[in-house]
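Just below is one structure, and these are the notes that go with it.
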Amino acid sequence: MFDVLFIGSGQGAWNGAIPMSQAGLKVAVVEEDLFGGVCSNRGCNAKITLDKPVELVRNIEQLQGRGFDSVPQINWPDLMAHKHEVIGRLAASNEQKLVKAGVQVIKGHATVTAADTVTVGATEYKAEKIVLALGQLPHRLDIPGQAYLRDSTDFMALTQMPERVTIIGAGYVGMEFAAIANTAGAEVNVIVKGHQPLREFYQPYVERLVVSLRERGVRFFYDQQVESVTESTSGLLLQGTNQFALESDYILDATGREPHVTDSGLENIGIATNANGIIVDDHLQTNVAGVYATGDVVDKTQPKITPVAIFESQYLAQLFTGQTTAPINYPSIATTVFTSPRISQVGISPTEAAKSPDQYTIETFEYAEDWFRQVQNETDGSLTLVFDQENILVGAVEYSNEAVDTINGLLEVIELRLTHEQVQRFIYTFPSLQHSYFRKV
């Protein structure tokens, strides 16, 4: 009998499993694929490895005639080999972390057969608590020619960059991969079902990002419903509403991700789910006592991103080891789309704040006027801050090359509700990014 058994080994599992085991609980993790889940093996880590040269190329482009007189070209096969070099070792490393911490690793497909029982192959395992860390799967369009569509996992294993890449969808995956493929030399087309890419981000900055991508040659087709894909004499023919037709060599289905709630036996014990995932209470417990869920498979209002899954897993470690009995209390959460430039945000959005001008003050700073940003000739960047009635920072969003670092720094100010006087106590290295943005708070 285990104290805790996790189904899945992603961020929502191992970040809690290890401290639970170290605290003396008998813990098991069941995994049928690569240890570490999507983020470590086929998601965030792989994506940022492919994106790093894109970031460098864009920075060098900005400095043409200012120290550089040429722009390097991305060698896609070399970059993909480097990605495999970085990512290929992670699954084994993640498995060993569990083993070294005393967690029992069970390999195979897990099926929940009772509230305290999981079957893997022909073996039954009992546990006082079961944690469902099942993650999400790529959504697939159900259209004629679906077999010609590729997903994010396929894209991040491409041995050669196709000449013509069409991306269906303009969320995180669609926009990030559009930036990567474009910089790698592909002709990129993005098909948007509606008229609003990156709906969860501050739209004035999204619009600037779209303009930037268009200037680099990325084409956007709005209000298009894809209906079919067929082979043509020169590639693949994608067709949609209003006689829309587009030829491509590679079509990426980036229409979103959906919770992985099938084929694990959740129906055997009546786990409640909806279109957004597994329904949990404020202690991450499902409607079945003793069965919990963490990570992207959970139905929640918080962003389904790696740091949130980590936070949830660590919360369960504290809950199960008796360090807390309180409901989960989510902190400020930063989200980022890793395009070039980036858009990163945290806290109250300017859009939300603008609806209550009596409660919030909004300030915007253009980086074309910031000398430090001009060191790298960054003219297309901006920071918008939201302050409450006490003049305390409660929200921030940045569009720039360095947006991630700026928002990560400001997140601490927001979460701790630091006053202007307290922020003035921070003496940063000069010149530096931190010194630059903290002068604006």
Item to complete: Check whether at least one residue in the stretch 123-143 is part of a strand (DSSP E or B), in the same structural domain as Val280 (by TED's automatic domain parsing), surrounded by 14 or more Cβ atoms within 10 Å (Cβ to Cβ) and among the basic types (Lys, Arg), and report yes or no.
Response: yes
Worksheet item: Which residues, counting only those in the stretch 1-57, are within 20 Å of Gly121 (Cβ to Cβ) and without any contact (Cβ under 8 Å) to a residue 40 or more places away in the chain?
Response: Asp33
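Any idea which of Thr294, Thr321 is surrounded by fewer than 18 Cβ atoms within 10 Å (Cβ to Cβ) and out of contact with any Lys or Arg (no Cβ under 6 Å at 6 or more places or on another chain)? Steps first, please.
On the way: Thr294 fails: surrounded by fewer than 18 Cβ atoms within 10 Å (Cβ to Cβ).
Answer to the check: Thr321.
Residues that are of a type in the set (Val, Ile, Thr): list the helices (runs of 4 or more DSSP H) wholly contained in the stretch 370-433 that include at least 2 such residues.
On the way: elements: 371-374, 403-416, 420-423.
Output list reads 403-416.
Is the stretch 96-105 home to any residue that is within 30 Å of Pro162 (Cβ to Cβ) and either aliphatic (A, V, I, L, M) or at pLDDT 95 or above (or both)? Step through it out loud before you land on a result.
If we filter the stretch 96-105 for residues that are within 30 Å of Pro162 (Cβ to Cβ), which is where we start, we get none.
No, that holds for no residue.
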Response to the item:
Here the qualifying pairs (Cβ atoms under 8 Å; residues six or more apart or on different chains; first in the stretch 310-328 and free of Cβ contacts under 8 Å to residues at least 60 places away in the same chain; second among the hydroxyl-bearing types (Ser, Thr, Tyr) and not in a loop (DSSP other than H, G, I, E, B)) come out as Thr324/Tyr315; Ile328/Tyr315
Worksheet item: Which ones in the stretch 89-102 are surrounded by fewer than 13 Cβ atoms within 10 Å (Cβ to Cβ) and either in the same structural domain as Thr153 (by TED's automatic domain parsing) or assigned to a loop (DSSP other than H, G, I, E, B) (or both)?
Response: Arg89
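Among the residues of the stretch 396-439, what is the count of those that are over 29 Å from the mean Cα position of the chain (by Cα) and of a type outside the set (Ser, Thr, Tyr)?
Of the residues in that region, 11 qualify.
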Worksheet, complete the sentence: Within the stretch 13-61, the residues that are over 16 Å from the mean Cα position of the chain (by Cα), among the acidic types (Asp, Glu) and within 23 Å of Lys304 (Cα to Cα) are Glu31, Glu32, Asp33
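Which members of the stretch 193-211 meet the condition of being part of a helix (DSSP H, G or I) and of a type in the set (D, E, K, R)?
Within the stretch 193-211, the first condition is being part of a helix (DSSP H, G or I), and the residues that meet it are 203-211.
Hits for the stretch 193-211 are Glu207, Arg208.
Being closer than 30 Å to Ala289 by Cα, crowded, with 16+ Cβ neighbours inside 10 Å and over 26 Å from the mean Cα position of the chain (by Cα) is the requirement here; does Thr119 meet it?
On the way: closer than 30 Å to Ala289 by Cα: yes; crowded, with 16+ Cβ neighbours inside 10 Å: yes; over 26 Å from the mean Cα position of the chain (by Cα): yes.
Answer is yes for this residue.
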Discussion item. Cβ-Cβ distance below 9 Å, separation of 6 or more or different chains: which pairs start in the stretch 74-85 with a residue that is outside the structural domain of Thr183 (by TED's automatic domain parsing) and surrounded by 14 or more Cβ atoms within 10 Å (Cβ to Cβ) and end on one that is among the β-branched types (Val, Ile, Thr) and assigned to a helix (DSSP H, G or I)?
Written reply: Ile74/Val54; Ile74/Val57; Ile74/Ile180; Ile74/Thr183; Leu79/Thr49; His82/Thr49; Lys83/Thr49
Fill in: Yes/no for Thr255 being without any contact (Cβ under 8 Å) to a residue 12 or more places away in the chain and either more than 19 Å from Ala127 (Cα to Cα) or in a loop (DSSP other than H, G, I, E, B) (or both)
no
Worksheet item: Any idea which residue in the stretch 258-311 is nearest to the chain's Cα centre (by Cα), counting only those that are in a strand (DSSP E or B) and among the β-branched types (Val, Ile, Thr)?
Response: Val298
Worksheet item: So Ser232 fits all but one of (1) surrounded by 12 or more Cβ atoms within 10 Å (Cβ to Cβ); (2) in contact with a Leu (Cβ under 9 Å, 6 or more places away or on another chain); (3) without any contact (Cβ under 8 Å) to a residue 24 or more places away in the chain; what number is the exception?
Response: (2)
Worksheet entry | Conditions (1) among the aliphatic types (A, V, I, L, M); (2) out of contact with any strand residue (DSSP E or B) (no Cβ under 9 Å at 6 or more places or on another chain); (3) closer than 21 Å to Pro341 by Cβ; (4) surrounded by fewer than 16 Cβ atoms within 10 Å (Cβ to Cβ): number failed by Val71 | (2)
Response to the item:
Apart from one, (1) in contact with a Pro (Cβ under 8 Å, 6 or more places away or on another chain); (2) not in a strand (DSSP E or B) all hold for Val190; the odd one out is (2)
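From Thr306, Thr335, Thr301, Thr325, which residue is out of contact with any strand residue (DSSP E or B) (no Cβ under 9 Å at 6 or more places or on another chain), among the hydroxyl-bearing types (Ser, Thr, Tyr) and outside the structural domain of Cys39 (by TED's automatic domain parsing)?
Details: Thr306 fails: outside the structural domain of Cys39 (by TED's automatic domain parsing); Thr335 fails: out of contact with any strand residue (DSSP E or B) (no Cβ under 9 Å at 6 or more places or on another chain); Thr301 fails: outside the structural domain of Cys39 (by TED's automatic domain parsing).
Just a single option satisfies the conditions, and that option is Thr325.
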Worksheet item: Somewhere in the stretch 14-26, is a residue out of contact with any Pro (no Cβ under 8 Å at 6 or more places or on another chain), at pLDDT 95 or above and among the β-branched types (Val, Ile, Thr)?
Response: yes
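The values are calculated or read from the model by the stated rules, or taken from the named source; none is laboratory data. Quick caveat: nothing in here was measured; it's all calculated off a predicted structure. Positions of Cβ are backbone-derived with ideal geometry, glycine not excepted, and every protein chain shown enters the neighbour counts.
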